[in-house]
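Participant: Have a look at the structure that comes next, please.
The values are calculated or read from the model by the stated rules, or taken from the named source; none is laboratory data. Here the structure is a predicted model, which means the values were calculated and not measured. Neighbour counts run over all protein chains shown; Cβ positions are idealised from the backbone, glycine included.
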Amino acid sequence: MKHSFLFSCVLSGTALLLSGLLSGLLLSGCSRAPVNEPVDEPLELAAAMGGDTLGYARADGVIPFDFPSDYGAHPDFKTEWWYFTGNLFSDDERRFGYELTLFRSAMAPPDSLDAVEEGWTTRQLYMGHFSLADPATGTFHAFERFSRGAAGLAGAESPPFRIWLNDWDMASVDPSRADELFPLRLQSEENGVAIDLTLNAIKPIVLQGEKGWDPKGAGAGNASYYYSFTRLETEGTVTVPDGSFDVTGQSWKDHEWSTSALGPDEIGWDWFALQLDDGREIMYYQLRREDGTISPYTGGSLVAADGSKRHLSPDDVELRVLDRWTSNVSGAEYPVRWELSLPGEDLSLTVAAVMPNQELNVSVRYWEGAVDISGQSGDDPLSGVGYVELTGYDRVANDN
Amino acid sequence: MALSIVGVALGVAVVVGIDLANTSARTAFTLSTETVAGRATHSLEASSGTLPDSVYRIIKVDEGFRDAAPVIEGSVRIGEVDGPVVQVLGVDPLAEDPFRSFTGGPDGGIDLGRFMGRSPGVLVAAATAERLNLPEEGRFSAWHEGQHVDLEVEALLPVDSDLDAASLENLIVVDIATAQRVLTMQGQLSRVDLILPEGTEAAFRANHMRGLPDNVTLEQSAGRSDTLAQMTEAFSLNLTAMSLLALVVGMFLIYNTMTFSVVQRRPLLGRLRAVGVTRREMYWMIISEALLVGLAGSILGVVGGLALGNVLVGLVTQTINDLYFVVRIRDLDVSAWSIGKGLAIGIGSTILSTLPPAREATRTAPSMVLKRSATETSTLHALPRLVVSGVVLAVAGVGILWLSGKSIAWSYGGILAIILAFACWIPPIVLLGARTLRPVLGRVFGIIGRMGASGIEQSLSRSAVAVAALTIAVASTTGVGVMVDSFRTTVNTWLTYALEADIYISPPGDVFRRNDATITAEAEHFIRSRPDVEAAYSVRTARVLIDNQETDLIVTEPRPRELEPGRYKATMTGDFRRAMQESDVVMVSEPYAFRYGTNVGDSLRIMTSHGPVAFRVGAIYYDYASDLGVVQMTRDRYDIHFDDPRVSGLAVYATDGKDLDGLIQDLREGTASVQSLNIRSNRDLRQASLDVFDQTFTVTTVLRLLAILVAFVGVLTALMALQLERSRELAVLRANGMTPGQVGRMITLQTSSMGLLAGLLSVPLGLVLAWLLIYVINQRSFGWTLQFEVDGVILLQAILLAVVAAALAAMYPSLSMSRTKASEALREE
């Protein structure tokens, strides 16, 4: 779910700014690009990705998903993304966390172009984020890319499943078995940092919200279609400047599409994707409001070892920040250690960032980081790994 | 003294003016190519001028090479079909950041969605939008190859500096998709820009280019503006040479006036010598005086040159735009170098031309200096020496021309030597002429006539120089005039046989000789299928790499009537036309053969759509359409080797007896809804071509007029000085009973005779110059064979010019003489 907000923020231009675009250009209520940052992207992407929702398809109710074609793009919705994160370990105990996300954003509603959508003419803009956390060296690598979704430069297809932005690529390994999403290969490289991973689902698909329809706020259509693969067995290679490492580990996939916006008083969110050793997963997010309270549209799910899902409401979850870290780039103060409890499940967990600096200083500044989990389920000790996403914190820093 | 300054000023003004116009033109296209190249170090280009856009995908997606950006370049006309031309730069804003800053900048809030898809939005500099009257809101019309497109100003390009402003002067930036649509380049790119770190070129070639089509090459971006500059090299060199010719005339003026200023003060100098001023001191006095004159004249000349440059730059731009490529020269690019050069040339030549009179005044004994006749005697003694020097110079000149090969600069050097040789021969000729004229004038005008003719002889040192200056000035205008005239006649003759079809159809292009516009298939089909159209053949002009040089390839279908054998400079044995149909044989134009030293039978490596192919040269044909040289191929062979079905033009033969105007009207109406085409009769096209020709030579004509002006002023001042110097002598004549009218008539007769002499002398020299310009300079610059055509009118004009200038020069001295009392004029001090 979380990325829906990340992106809808960008879209509505109410909470976040694609910062590097134009130094100093400020959208209403959005955070300001730091003056000392080089201007990475010269265009005003926020405007391209923003605008109203008029003319787009809306997620206005439960629909039956049609796989494998729903693994691909839904171009009539304003936003969509394919999100992969994971924790990887090499034989010699070196560990990494990775994120590879490709976003699709429609710059104009369907059938609104003067020209036919062919060749280079398109409504679709693609954005890619690739990050790699390397706690052994304390380094966090983060990269961003943009491309039009045309001329073969970026796109989303299924079947066979292939989402790509230039040479960043997520694709089914065997295109001849068109119906099969897995095994799936992720490839991305930039500036000597690379991943080349093969993913296999070891648990079934999870349709988030109500059969994959996940309301995001008040009003019809303010919702997304959202499904996850919460546990993907992963192996492959990670390359960092000091070498290449054969790794194994676990990944998480989200795919979400929507045409929706954040409420005006919502400033950001904390999102957790936790994979526990006992075979269970927790997805939980809380929407933070300007006055410090939590939005009622906060929620999540608990997936049992057999793949069955239980909805989590704010009342089911207790979340407390134990530790914070301040970015010396943005000045934003992010929580980096939490206590997360599900009293109804007799579950009490400590979630801690594997390294504090996992801030992505890209167009949309946010924190997306690998975490370790320790705690107890009843009397039994429990551990695990996961990923956490934190948005809207630099806004507070800059407003102060 | 004022006359000397005017003389220097005029010479310097012409040199500076031309130099400024030339450098401004060069700066403008360097700027415009640098602007569009941005920070690219290399680019991928295809010999055919465009490459499939899949090349970019391969580089970016398959090869994963990041610093690459697609580029489309072209031009459109704004407002009307024949409106002003602007460059179009198509870019992908998402790939642009490392390359160019058009799509960004502090306030460049561009709506990416609109720019990339929703509307045909353009980015344009505020000044350009204003100049072209582009509306701030809403659509405006643009035309490409006669097809209408709507565009809309999306945002103004940020202008950070004057450099920016100049480089953005004639540019609109659009999204790559818009560019493909507007320029009808679907699926095509002009090039892919790359940033390759130093030393990685070979690695890029080896690692990333294997998947690309064969005709894609890796080029260095820095070379692009050089290529453009090379195209106009001959053109600007010729301009420079013409300006130097004006300077030569100017130097004669300076020499003349400086001599005059020395001679005028002969008594004073003599007295100074007598009271003990040393030769060295005197020498330096005269030289420093010349320095002052040179400085004053040069400064005036630079000011005049700036003004002149402003006029010339427009003409130069016009010519470059007509002939080579679209470029807009915004302002005169005034460099310290140009001005410094002008000052140095002005002062240098002043001092140089003062050396002889200075030496003369200081070397002679004081008593001799006081005597005017001394100079004349020495001049008479010098005559044989002058004749010999002339012969030496002439031999040297011919030698230089013989040995200089293709070097245009050396060729001009040779021509200069020949001019100087002629100048050396002028004093004896003037002497002979004056002696011949004396009895003639005596018979017609009596004593006054005889006295006028004697005067020329008596003041030979001065009159000969004046005649020489006048001769050279008039001859250079004659030479250029005859050259242009010959050129025009040749082109006209060529057009007559080259344009043998009835009607010519082409899309409106932006550059006369580099029109790469094409006719839509729909329009072509309509034209060919009209009942009154008996036959038609198509022509395609494509830019291809031939022996690694970008060259125009002219592709023609077989013509119903082929050219007569006399229209070829050389052909291979056998039926070369059939060979061109059936095998890989091409023919090349005369300028092409000249430029690359190509002979019949040679092999050319032409980069086709499927890689390089060797073609044999079957013929060299006369062609005056392109000074850069073209290669001709048959359509059959082109279709085999190139994936390009388009046609650039159609030549139509009407059914016999049909009304041409009616057919033209019919074709215009029938194609109007599809494409706006230039549909012209044979006659109209020939006229249009000649109009372009005339426009091209506007600069030349202006320079010719300037040379005439310099000559005129020169003669005026020289002869006026001559007569003023003689005021005492004339006063004696008055005292002895001559009426002012008689004196005036004598002066007029005298100067007119000199003018006539100069005019007559300018005819042979002018013809020699014309011959040299046609057979040496033109040949060596462009390789054209021109017919030598002499129009009597131009020669008559030259003589008339000389006589009129001379007669006018007599007016002031005559008037002032008649107004002064003889007694006053006689009073020495």
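Participant: If B:L355 satisfies every condition in (1) buried (at least 18 other Cβ atoms within 10 Å of the Cβ); (2) modelled with pLDDT of 70 or more but one, which is the exception?
Facilitator: The single condition B:L355 does not satisfy is (1).
Participant: Answer yes or no: is there a residue in region A:173-181 that is within 27 Å of A:E118 (Cα to Cα) and crowded, with 23+ Cβ neighbours inside 10 Å.
Facilitator: Looking for residues that are within 27 Å of A:E118 (Cα to Cα) and crowded, with 23+ Cβ neighbours inside 10 Å, one finds none in region A:173-181, hence no.
Participant: Let me ask something else. Could you go through region B:326-343 and let me know if any residue there is at pLDDT 75 or above and assigned to a loop (DSSP other than H, G, I, E, B).
Facilitator: Filtering region B:326-343 for residues at pLDDT 75 or above gives B:335-343.
Subset that is assigned to a loop (DSSP other than H, G, I, E, B): B:335.
Among the residues of region B:326-343, at least one is at pLDDT 75 or above and assigned to a loop (DSSP other than H, G, I, E, B), which makes the answer yes.
Participant: Just a yes or no: is a residue in region B:431-444 surrounded by 16 or more Cβ atoms within 10 Å (Cβ to Cβ), out of contact with any Lys or Arg (no Cβ under 9 Å at 6 or more places or on another chain) and over 21 Å from B:I799 (Cα atoms)?
Facilitator: No, because not a single residue in region B:431-444 is surrounded by 16 or more Cβ atoms within 10 Å (Cβ to Cβ), out of contact with any Lys or Arg (no Cβ under 9 Å at 6 or more places or on another chain) and over 21 Å from B:I799 (Cα atoms).
Participant: So, one more: Name every residue in region A:361-389 that is modelled with pLDDT of 95 or more and surrounded by 20 or more Cβ atoms within 10 Å (Cβ to Cβ), in order of residue number.
Facilitator: Listed by number, the residues that qualify are A:W367, A:E368, A:G369, A:A370, A:V371, A:I373, A:G384, A:V385, A:G386, A:Y387, A:V388, A:E389.
Participant: Among A:F103, A:F84, which is modelled with pLDDT of 90 or more, within 14 Å of chain B (Cβ to nearest Cβ) and in a strand (DSSP E or B)? Working first, answer last.
Facilitator: Values: A:F84 fails: within 14 Å of chain B (Cβ to nearest Cβ).
Only one candidate qualifies: A:F103.
Participant: Suppose the filter is assigned by TED's automatic domain parsing to the domain that holds B:W784 and surrounded by fewer than 18 Cβ atoms within 10 Å (Cβ to Cβ); does B:V699 pass it?
Facilitator: Details: assigned by TED's automatic domain parsing to the domain that holds B:W784: yes; surrounded by fewer than 18 Cβ atoms within 10 Å (Cβ to Cβ): no.
Considered against the rule, which asks whether it is assigned by TED's automatic domain parsing to the domain that holds B:W784 and surrounded by fewer than 18 Cβ atoms within 10 Å (Cβ to Cβ), B:V699 comes out as no.
Participant: Would a scan of region A:139-153 turn up a residue that is more than 20 Å from B:K60 (Cα to Cα), out of contact with any strand residue (DSSP E or B) (no Cβ under 9 Å at 6 or more places or on another chain) and not hydrophobic (A, V, I, L, M, F, W, C)?
Facilitator: The answer is no, given that none of the residues of region A:139-153 is more than 20 Å from B:K60 (Cα to Cα), out of contact with any strand residue (DSSP E or B) (no Cβ under 9 Å at 6 or more places or on another chain) and not hydrophobic (A, V, I, L, M, F, W, C).
Participant: For B:M607, which of the numbered conditions (1) over 16 Å from B:G49 (Cβ atoms); (2) touching a residue at least 40 places away in the same chain (Cβ under 8 Å) fails to hold?
Facilitator: (1)
Participant: Of everything in region B:594-615 that's farther than 13 Å from B:L553 by Cα and modelled with pLDDT of 90 or more, which residue is surrounded by the fewest Cβ atoms within 10 Å (Cβ to Cβ)?
Facilitator: Filtering region B:594-615 down to residues farther than 13 Å from B:L553 by Cα leaves B:594-603, B:609-614.
From the residues that got through so far, the ones that are modelled with pLDDT of 90 or more too are B:598-603, B:613-614.
Numbers: B:T598: 20, B:N599: 12, B:V600: 19, B:G601: 11, B:D602: 14, B:S603: 12, B:V613: 15, B:A614: 9.
Looking at residues that are farther than 13 Å from B:L553 by Cα and modelled with pLDDT of 90 or more, I get B:A614.
Participant: If only one of A:L125, A:L184 is in contact with a Leu (Cβ under 6 Å, 6 or more places away or on another chain), crowded, with 24+ Cβ neighbours inside 10 Å and either within 13 Å of chain B (Cβ to nearest Cβ) or modelled with pLDDT of 95 or more (or both), which one is it? Break it down stepwise before answering.
Facilitator: Numbers: A:L125 fails: in contact with a Leu (Cβ under 6 Å, 6 or more places away or on another chain).
One residue alone meets the criteria, A:L184.
Participant: Looking at B:A155, is it away from chain A (no Cβ under 14 Å) and over 18 Å from A:T121 (Cα atoms)?
Facilitator: Taking the combined requirement at face value, the residue does not satisfy it.
Participant: Further question: Scanning for something closer than 18 Å to B:R39 by Cα, more than 8 Å from chain A (Cβ to nearest Cβ), modelled with pLDDT of 85 or more and buried (at least 22 other Cβ atoms within 10 Å of the Cβ), does region B:71-86 turn up at least one residue?
Facilitator: Within region B:71-86, the first condition is being closer than 18 Å to B:R39 by Cα, and the residues that meet it are B:71-73.
Next cut, more than 8 Å from chain A (Cβ to nearest Cβ) only: B:71-73.
Still in the list and also modelled with pLDDT of 85 or more: B:71-73.
With the extra rule that they be buried (at least 22 other Cβ atoms within 10 Å of the Cβ), the set shrinks to B:71-72.
Yes - at least one qualifying residue is present in region B:71-86.
Participant: Going by what's in this entry, would B:L10 be described as surrounded by fewer than 23 Cβ atoms within 10 Å (Cβ to Cβ), modelled with pLDDT under 85, touching a helix residue (DSSP H, G or I) at 6+ places or on another chain (Cβ under 6 Å) and among the aliphatic types (A, V, I, L, M)? Spell out the reasoning first.
Facilitator: On the way: surrounded by fewer than 23 Cβ atoms within 10 Å (Cβ to Cβ): no; modelled with pLDDT under 85: yes; touching a helix residue (DSSP H, G or I) at 6+ places or on another chain (Cβ under 6 Å): yes; among the aliphatic types (A, V, I, L, M): yes.
Against the criterion (surrounded by fewer than 23 Cβ atoms within 10 Å (Cβ to Cβ), modelled with pLDDT under 85, touching a helix residue (DSSP H, G or I) at 6+ places or on another chain (Cβ under 6 Å) and among the aliphatic types (A, V, I, L, M)), B:L10 does not qualify.
Participant: Looking only at region A:273-302, filter to residues that are more than 15 Å from A:T230 (Cα to Cα) and in a loop (DSSP other than H, G, I, E, B); which one of those is farthest from the chain's Cα centre (by Cα)?
Facilitator: Residue satisfying both the conditions and the ranking: A:D291.
Participant: From the list B:D636, B:D661, B:D643, B:D602, which residue is farther than 22 Å from B:G49 by Cβ, more than 36 Å from the chain's Cα centre (by Cα) and of a type outside the set (S, T, Y)?
Facilitator: On the way: B:D636 fails: farther than 22 Å from B:G49 by Cβ; B:D643 fails: farther than 22 Å from B:G49 by Cβ; B:D602 fails: more than 36 Å from the chain's Cα centre (by Cα).
When all the criteria are applied, what remains is B:D661.
Participant: Specify the residue that is nearest to A:S158 (Cα to Cα); the eligible residues are those in region A:79-120 that are among the small types (G, A, S) and surrounded by fewer than 21 Cβ atoms within 10 Å (Cβ to Cβ). Walk me through how you get there before you give the answer.
Facilitator: Step one: of region A:79-120, the residues among the small types (G, A, S) are A:86, A:90, A:97, A:105-106, A:108, A:112, A:115, A:119.
Checking the rest, the ones that are also surrounded by fewer than 21 Cβ atoms within 10 Å (Cβ to Cβ) come to A:90, A:112, A:115, A:119.
On the way: A:S90: 32, A:S112: 25, A:A115: 25, A:G119: 20 Å.
Step by step, filter region A:79-120, then rank; the result is A:G119.
Participant: Can you name the residue in region A:51-70 that is of a type in the set (G, A, S) and more than 14 Å from chain B (Cβ to nearest Cβ) and is also surrounded by the fewest Cβ atoms within 10 Å (Cβ to Cβ) among such residues? Break it down stepwise before answering.
Facilitator: Of all residues in region A:51-70, those of a type in the set (G, A, S) come to A:51, A:55, A:57, A:59, A:61, A:69.
Among the residues that remain, those that are also more than 14 Å from chain B (Cβ to nearest Cβ) are: A:57, A:59, A:61, A:69.
Details: A:A57: 18, A:A59: 27, A:G61: 10, A:S69: 13.
Only one residue fits best here, namely A:G61.
Participant: Give me a count of the residues in region B:761-789 that are more than 20 Å from B:L416 (Cα to Cα), hydrophobic (A, V, I, L, M, F, W, C) and surrounded by fewer than 17 Cβ atoms within 10 Å (Cβ to Cβ). Before you say what the answer is, go through the steps one by one.
Facilitator: Step one: of region B:761-789, the residues more than 20 Å from B:L416 (Cα to Cα) are B:782-789.
Subsequent filtering for residues that are hydrophobic (A, V, I, L, M, F, W, C) retains B:782, B:784, B:786, B:788.
Filter once more, keeping what is surrounded by fewer than 17 Cβ atoms within 10 Å (Cβ to Cβ): B:788.
Residues meeting the conditions: 1.
Participant: Next question, about the same structure. Out of everything in region B:188-217 that is in contact with a strand residue (DSSP E or B) (Cβ under 6 Å, 6 or more places away or on another chain) and within 14 Å of chain A (Cβ to nearest Cβ), what residue ends up being modelled with the lowest pLDDT?
Facilitator: Among those residues, the one meeting the criterion is B:S190.
Participant: Follow-up question, since we're still on this one. (1) within 18 Å of A:F146 (Cβ to Cβ); (2) more than 8 Å from chain A (Cβ to nearest Cβ); (3) modelled with pLDDT of 75 or more: which one isn't true of B:E137, the others all being true?
Facilitator: Of (1) within 18 Å of A:F146 (Cβ to Cβ); (2) more than 8 Å from chain A (Cβ to nearest Cβ); (3) modelled with pLDDT of 75 or more, only one is false for B:E137: (1).
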